[in-house]
Each structure stands twice: as structure tokens, then as C-alpha cells.
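S.K.: First the structure, which I've put down as C-alpha cells, then a few questions once you've had a look.
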Amino acid sequence: MGMMWPAACRSSGVPARLTTGSVPGGQREDDGTVRAAYTPSMLGVVLALLAAAVYGAGDFVGGLATRKVSVLFVVGLGQLAGLMILVLLAPLLPAEDVRRADLWWGAASGLSTAVGITLLYQALATGRMSVAAPVTAVSALSLPVLFAYASGEWPGWLPTAGIALAVIAVALISREEDRAGIAAGTARRAMLLSVTAGMGIGVFYITMKHTQAGSGLWPLVAARAVSAALFAMPVLALAGRWRGTVRPPAQLWAWAALSGVLDSLANALYLLSSRATALAVAATLTSLYPASTVLLARFVLKERLRPVQLIGLALAVAAVVMIVGNVG
């Protein structure tokens, strides 16, 4: 998950080659400052939707692997594979001005995401999946959106209505059935864990927006290095237990690694999207990734979609249309 995490008005840090006219995320004023982008660009919208599709595919593949092996193993191996792909991709994207602050923002996002994912697993372990999944998704979406509006972003009334509709869509699409035999009184604990998990994941969207365009993908490398270091410990512990026992087949290792690679690619797409359009728009469209996951489950695994998920998908389509309604 990127799981799938600034102020919209930034007065510095725009590459020197962007001297006039529009700039990613804003408009250069006469005094050299950058004004918040109130109209989503088509590039930013496309990148955010691609990020959602890839995030969903990563969750789908990772979900297949977790049916056969520990979740911590899948996430840990995925983090390591994702780090390797980012190290390979980062030099390919121009990075004229990688500042220490950009790397610190990346490291902070890696830490918050790791905490968020850990709390999400604890919430899911309560058995209250009908609470954990949608509440985490909505919390992760709401934090960057509220931050963006508090920072002065205003994409317009129609996109704002679309963002509100997207929140409902994400909650409906993410809704899961509770496990049988769960203990009474776990709903409150699941709710608290889920809200906190979503906030941890949502910080990623904000911290990435703080990075400068000139830093390229290196903030993501820093983020993945931190999260990979944290999740590598459970992988090493599990590997030690497998000595002398039957280890997971190669296919599960491949699925786990692929899930991490897809997650890192989605992170990169979101980062580029956030530099091309407003934070609220980029975060909202990217957060529609559960739609990709359930559609893959429907067409690949032939799973039936529940009525609530069908309603959520319809609302997601309507939300995208409303948000993109005034693309510039």
C-alpha cells in the first residue's frame, strides 16, 4: 500500500528552468513565488489514476500470496524488492537538486507508512474487517485532503463534491465481512487502530508533496529504505524458522516480490502526480485503488462483487468525472 501518504503554496524549490507560465502544482507569480494549483492538470489526473490502478494490482498480487504464507513475509519481501526497483529507477529520472530535507521527508513517510501498515494488520486481526478496511481507507484519504484544504487549496465546488463522493466510494468498495466467532467489544479497538493506521498511511501523501521536484525519485528511495529495514526483521526471523522445514514455493516468493515492485511503481506515479496537480486531487484519485483490486478479483478469480461494492464502483466513476470536470 502506499500505502499505498505540504502546503499547496510553496514559495521556493521550483527548478530554475521553470521560469514563466505554469509549473507543476502551481503558477509562478511575478515575484517568483508559486501559487497553489486550483485546477487539476490532465497529466496529474492520469498519473494519479495510473497510481491507483497499480496500487490495486499490487494489493491483489500480495493478497494472493498471503493466502499461503505469512503477511509479514509478503510485506517484508515486497519492501525489499520495491527498494531494489526504486534504486534502479531513481537514476533514470533527472534529479538536479536532491536536498537533505527531501530525503528526511522521504524517511519520515517510510516510518509513518510502516507504522500504519502494522496497525492495520492489528486492526484486521481483531476480526472486525467490516470496520478495519473501510475506516483505514477513509482515514488515509481524509488526512491529506483535509491538510490540503487547510493549507489553502481550493479545486472548486465540483471537484470538492467529487472528492466527498470518492470518500464514500472508497468506504463502500473496501468494506469486508467480519470473521466468524469474533469476540464482542472489539469494534471500538478496531476503530481506534484503523483510524490511526489510516493516518499513518495518509502521512505518505503529505510528506511526498513536501519534496522538491528537483529531488526526482530519491525521497521514495529513502522512504522505502526505512520501511524495508523495519519489515526485513520479520522476514529474517521467518527465514530462520524455515531451516530444516519446507519453505514457501518459488511462486509465492515471486508474488510477494511483485507486490512490492508494483507498490513502488505506484508510489512513483503518485509522487509525480502530486507534483503536477493539487494534493487533494492527487491523493483522492490515487486512493481509489481498492476499485482496481476488486475488479481484478472479479475478472481473474471470478469472485462475485457484493452489491455494496458495485455501488461503490459506480460512485467512484462519478467521483472521477466530477473531479476531472474542470481539468486544465
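The values are calculated or read from the model by the stated rules, or taken from the named source; none is laboratory data. Fair warning: this is a prediction, and the values are worked out from it, not measured in the lab. For neighbour counting, all protein chains shown are included, and Cβ atoms are generated from backbone atoms with ideal geometry for every residue, glycine included.
S.K.: Would you tally the residues in segment 211-255 being touching a Phe, Trp or Tyr at 6+ places or on another chain (Cβ under 7 Å), at pLDDT below 90 and buried (at least 21 other Cβ atoms within 10 Å of the Cβ)?
M.R.: 1
S.K.: For segment 140-158, give me the residue count where each residue is modelled with pLDDT of 90 or more and buried (at least 23 other Cβ atoms within 10 Å of the Cβ).
M.R.: Residues flagged as modelled with pLDDT of 90 or more and buried (at least 23 other Cβ atoms within 10 Å of the Cβ) within segment 140-158 amount to 5.
S.K.: Given the criterion closer than 24 Å to Thr136 by Cα and modelled with pLDDT of 90 or more, identify the matching residue among Leu50, Leu72.
M.R.: Among Leu50, Leu72, only Leu50 is closer than 24 Å to Thr136 by Cα and modelled with pLDDT of 90 or more.
S.K.: Could we say that Leu18 is surrounded by fewer than 19 Cβ atoms within 10 Å (Cβ to Cβ) and at pLDDT below 50 here?
M.R.: Taking the combined requirement at face value, the residue satisfies it.
S.K.: Could you count how many residues in segment 92-112 are within 19 Å of Leu80 (Cβ to Cβ) and either modelled with pLDDT under 90 or hydrophobic (A, V, I, L, M, F, W, C) (or both)?
M.R.: Total meeting the criteria: 2.
S.K.: Continuing with the same structure: Those residues that are buried (at least 16 other Cβ atoms within 10 Å of the Cβ), in a loop (DSSP other than H, G, I, E, B) and either touching a Cys at 6+ places or on another chain (Cβ under 9 Å) or not basic (Lys, Arg) (or both), I need them from segment 94-133; list them, please.
M.R.: Ala95, Val98, Thr126, Gly127
S.K.: Then there is this: Pairs under 8 Å by beta carbon, first residue more than 9 Å from Leu217 (Cα to Cα) in segment 81-106, partner among the aromatic types (Phe, Trp, Tyr), six or more apart or different chains?
M.R.: Taking only residues 6 or more apart or on different chains, the pairs are Val98/Trp218; Asp102/Trp218; Leu103/Trp218; Gly106/Trp218.
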